[in-house]
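Quick note: the coordinates plus some simple rules give every number you see, no bench work behind them. Computed from a prediction, not measured in an experiment: that's the story for all the values here. Here the Cβ positions follow ideal geometry from the backbone for every residue, glycine too, while neighbour counts run over all protein chains shown.
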Amino acid sequence: MDPMRPCAFLDRDGVLIEDTGYPHRIEEVRWVPGVMAALRRLNAAGLAICVVTNQAGVARGYYDEAAVGRLHHWMAGEARAAGARLDGFAYCPFHPEAEEARYRRQSPRRKPGAGMIEDWLAHFPLRRAGSFLIGDRETDLEAAAAAGIPGHLFPGDDLDGFVAAILKGI
Ligand SMILES: [Mg+2]
């Protein structure tokens, strides 16, 4: 049996939760419709699920990395409570025009760079074949293309229906 699984790389803001403009407070998070059913569907299809999210809000000083970690921990718990599994979270706090010098950087991990995706593929038993990305921006799709995997532009609304259509096409 092939121990390597394909992975669904999911953008966070605008795909899993509503992009309300640098969302970072748990009490303000709004999940997108169909999200938990979509995650369960991906789990059942044997895909790993890794979140890849640019968090320039850290670079801009809107919130810190601890807030990002808290939010992701909470999201993983909510998924678990709904019978779904989020396998991993990667975020990129860097931005070339960051307020803070330590975050002021052109990072290959920042989408449209493929760094976060490549890191997951390099360090975990995931295979590129059969993997794909879902994002809500062109830069997400560019990151997918740079990693050599299909990218799907989520128009909003029902994530489960969107995922079902993607899986049907694989
Ligand atoms: Mg997004």
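Looking at the square roots a ≥ b ≥ c of the eigenvalues of the Cα gyration tensor of the stretch 82-170, which shape do they give, rounded for a/c under 1.5, prolate if a/b is larger than b/c, or oblate?
Taking the square roots of the gyration eigenvalues as a ≥ b ≥ c, the stretch 82-170 is prolate.
Around Ile49, what is the net charge, scoring Lys/Arg as +1 and Asp/Glu as -1 over all other residues with Cβ under 14 Å from its Cβ?
+2
Specify the angular offset, from 0 to 90 degrees and rounded to the nearest 10, of the alpha carbon long axis of helix 65-81 from the longest principal axis of the alpha carbons in the chain.
20
With everything on Cα atoms, drop me the angle between helix 138-147 and the longest principal axis of the chain, reported from 0 to 90° to the nearest 10.
Helix 138-147 and the main axis of the chain meet at about 70 degrees.
Please state the charge dipole magnitude for the chain, taken about the Cα centre, from unit charges on C-beta atoms (+1 on K and R, -1 on D and E), reported in debye and rounded to the nearest 20.
500
Cα centroids of the stretch 84-137 and the stretch 1-68: how far apart, whole angstrom?
Each part reduced to its Cα centre gives a spacing of 11 Å.
Just want to confirm a number: the relative contact order over the chain, from Cα pairs under 8 angstrom separated by 6+ residues, in percent.
So the answer I get is 29 percent.
Taking 0.36 nm per intervening residue step and subtracting the Cα-Cα distance, what contour gain separates Glu142 from Glu18 on full extension?
This chain segment gains 42.5 nm when fully extended.
For the residues Glu18, Glu27, what sequence is obtained by ranking on other C-beta atoms within 10 Å, fewest first?
Glu27, Glu18
Between Phe124 and Leu153, what is the spin-label point distance in nm, taking each point 7 Å from the Cα along the Cα→C-beta axis?
Rounded to a tenth, the inter-label distance reads 2.7 nm.
Of the listed peptides 88-100, 39-51, what is their order by residue-averaged count of other C-beta atoms within 10 Å, with the highest listed first?
Packing proxy ranking, top to bottom: 39-51, 88-100.
Can you give me the Rg/Rh ratio for the stretch 1-117, using Cα atoms for both radii and the Kirkwood formula for Rh?
My calculation puts Rg/Rh at 0.99.
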